[in-house]
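A quick write-up on the structure given underneath.
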Amino acid sequence: MHYSQFFEDQISGLKSEGRYRVFTEIMRRVSHFPEAAQFTGQGIRDIVVWCSNDYLGMGQHPDVIAAMHEAIDLCGAGAGGTRNISGNNRFHVLLEQELADLHDAEAALLFTSGYTANMTTLMTLGAAIPGCIIFSDSQNHNSMIEGIRHSRAPRQIFRHNDVAHLESLLAAAPINAPKLIAFESVYSMDGDIAPIAKICDLAEKYNAMTFLDEVHAVGMYGAHGGGVSERDGQSSRLTFIQGTLAKAIGVHGGYVAGSRASIDFIRSFGQGFIFSSAMPPAVAAGARASIQYLKRHPEIRDRHQERAETLRRKLQAADLPVIITDSHIVPVLVGDATRCKKASDLLLEEHGIYIQPINYPTVPRGSERLRITPTPLHTDAQMDALVDSLQTVWAKLDLKMSA
């Protein structure tokens, strides 16, 4: 086999389908979010970022930056190893206590990423609990799918947010078999929200555990930023709540929260935790400062929701094909991979607007879109410029407007 040719052929296939990802080199500027600098072959220019998962701009908040500086001055750069050997820093312990409090849970456990938290926890549960059946929403994130797959536990896929279909699968399963329902709160591509209370009702009826991924909701929903589960008063009914520190919290890492026994079980048996170096203490300190700030400032969540709704209204008024959601996610449908990439390129090259194209396999073929994430810091003027630019690009590419 000619290995290099194989790799080149695979990449060529992606390019021919319009799905080849090109990274844009940018540098965010402290105190100027959502503006950034783009580095090009012709030099550096200013752009406006409309696709950041730093949903609230906390990655540049003075409290977060100050906490990270202080931790570096105290501890240095790295953690020193895995937490089992030499890296169990005081800042890790304090952050886990903060996260447990955020989710009204007994304990929490840090991971190097949300992906690792999902994969490790689901893999560990499915592999270790004899006869466990995992019921997974059809739109779950890749990290959840991979964790379930690697657990080798039997799995049942229920139609997206379809509690009737979920119940039919639960009812058909052996009554005494251990069961786990895995789902998300906010689904990041369509922006829809799971019926958490109804799923908890089913879990209680059929004696199933629940695993809720709140990565696109932590910090942004609930009185203290505990996510949709806090907003809906369901936190205490969930077995596991998983989240990230890399989106609304603005830093890096992931975690899972739950009962003391369940978290200790994952800590003791989860290989993705045991064999991974701990996050740098400064990152843990910054995340804790961010969570503490968000707990005290619900107005930032109110502003965030208002900005998302304002942008939706402006896009609708311009007859652009915005997908209406109940969350902060604002997708604009294109429906073709090549033209989605071209629309993204034109927005950046001609208008200084940065929105990455979302293509297969992140979304199904034919549903390619631009996924816009307004923040509390985007202004009306920036929104108007975005809408005008989208209209220009849509006309240039002869893309379909709203029906």
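The values are calculated or read from the model by the stated rules, or taken from the named source; none is laboratory data. None of these values were measured; they are calculated from a predicted model. Every residue, glycine among them, receives a Cβ derived from its backbone with ideal geometry; neighbour counts consider all protein chains shown. What goes into the accessible areas is simple: the full protein's heavy atoms, side chains included, and nothing from ligands, DNA or RNA. Shrake-Rupley method; radii C 1.70, N 1.55, O 1.52, S 1.80 Å.
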*Looking only at the range 97-122, count how many residues are more than 20 Å from Lys247 (Cα to Cα) and open to solvent by 50 Å² or more (accessible area, probe 1.4 Å).*
2
*Taking Asn140 as meeting all but one of (1) open to solvent by less than 70 Å² (accessible area, probe 1.4 Å); (2) in contact (Cβ under 8 Å) with a residue 40 or more places away in the chain; (3) more than 30 Å from Leu202 (Cα to Cα), write down the number of the exception.*
(3)
*Considering only the range 56-78, state which residues are touching a Ser or Thr at 6+ places or on another chain (Cβ under 6 Å) and either open to solvent by 50 Å² or more (accessible area, probe 1.4 Å) or not aliphatic (A, V, I, L, M) (or both).*
Gly57
*Scan the range 266-294 for residues that are surrounded by fewer than 19 Cβ atoms within 10 Å (Cβ to Cβ) and within 18 Å of Ala66 (Cα to Cα) and report the count.*
1
*For residues that are basic (Lys, Arg) and on the phi < 0 side of the Ramachandran plot, scanning just the range 144-160, find the one that is surrounded by the most Cβ atoms within 10 Å (Cβ to Cβ).*
Arg155
*Only one residue in Ser389, Ser277 is modelled with pLDDT of 95 or more, out of contact with any Cys (no Cβ under 9 Å at 6 or more places or on another chain) and closer than 30 Å to Arg90 by Cβ. Which one?*
Ser277
*Any idea which of Val251, Val322, Val332 is β-branched (Val, Ile, Thr), touching a helix residue (DSSP H, G or I) at 6+ places or on another chain (Cβ under 8 Å) and under 19 Å from Glu70 (Cβ atoms)?*
Val251
_Just checking, does the range 309-324 include any residue being closer than 28 Å to Ser236 by Cα, modelled with pLDDT of 95 or more and not small (Gly, Ala, Ser)?_
no
_Restricting to the range 22-69, give me the number of residues that are more than 12 Å from Ile353 (Cα to Cα) and in contact with a Gly (Cβ under 8 Å, 6 or more places away or on another chain)._
14
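Of all residues being of a type in the set (Asp, Glu) and assigned to a helix (DSSP H, G or I) in the range 310-358, which is most open to solvent (accessible area, probe 1.4 Å)? Just the residue, please. Talk me through it step by step, then tell me what you get.
Taking the range 310-358 and keeping what is of a type in the set (Asp, Glu), we get 319, 326, 336, 345, 349-350.
Subsequent filtering for residues that are assigned to a helix (DSSP H, G or I) retains 345, 349-350.
Values: Asp345: 42, Glu349: 114, Glu350: 98 Å².
This residue is Glu349.
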*Could you please find all residues in the range 1-49 being open to solvent by 90 Å² or more (accessible area, probe 1.4 Å), small (Gly, Ala, Ser) and more than 28 Å from the chain's Cα centre (by Cα)?*
Ser16
*Pick out the one residue from Gly250, Gly272, Gly286, Gly254 that is of a type outside the set (Ser, Thr, Tyr) and either at positive phi or modelled with pLDDT under 95 (or both).*
Gly250
*asked:* Show me the helices (runs of 4 or more DSSP H) found entirely inside the range 161-261 where at least 2 residues are within 29 Å of Thr373 (Cβ to Cβ) and open to solvent by less than 10 Å² (accessible area, probe 1.4 Å).
replied: 196-205, 228-231
_So Pro364 passes all but one of these: (1) without any contact (Cβ under 8 Å) to a residue 60 or more places away in the chain; (2) touching a helix residue (DSSP H, G or I) at 6+ places or on another chain (Cβ under 8 Å). Which condition number does it fail?_
(2)
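Return yes when Ala117 is part of a helix (DSSP H, G or I), closer than 30 Å to Ser290 by Cβ and not β-branched (Val, Ile, Thr) and no when it is not. Give the steps one after another, and end with the answer.
Details: part of a helix (DSSP H, G or I): yes; closer than 30 Å to Ser290 by Cβ: yes; not β-branched (Val, Ile, Thr): yes.
In short, yes.
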*Within the range 128-137, tally of residues that are buried (at least 17 other Cβ atoms within 10 Å of the Cβ) and out of contact with any strand residue (DSSP E or B) (no Cβ under 9 Å at 6 or more places or on another chain)*: 0
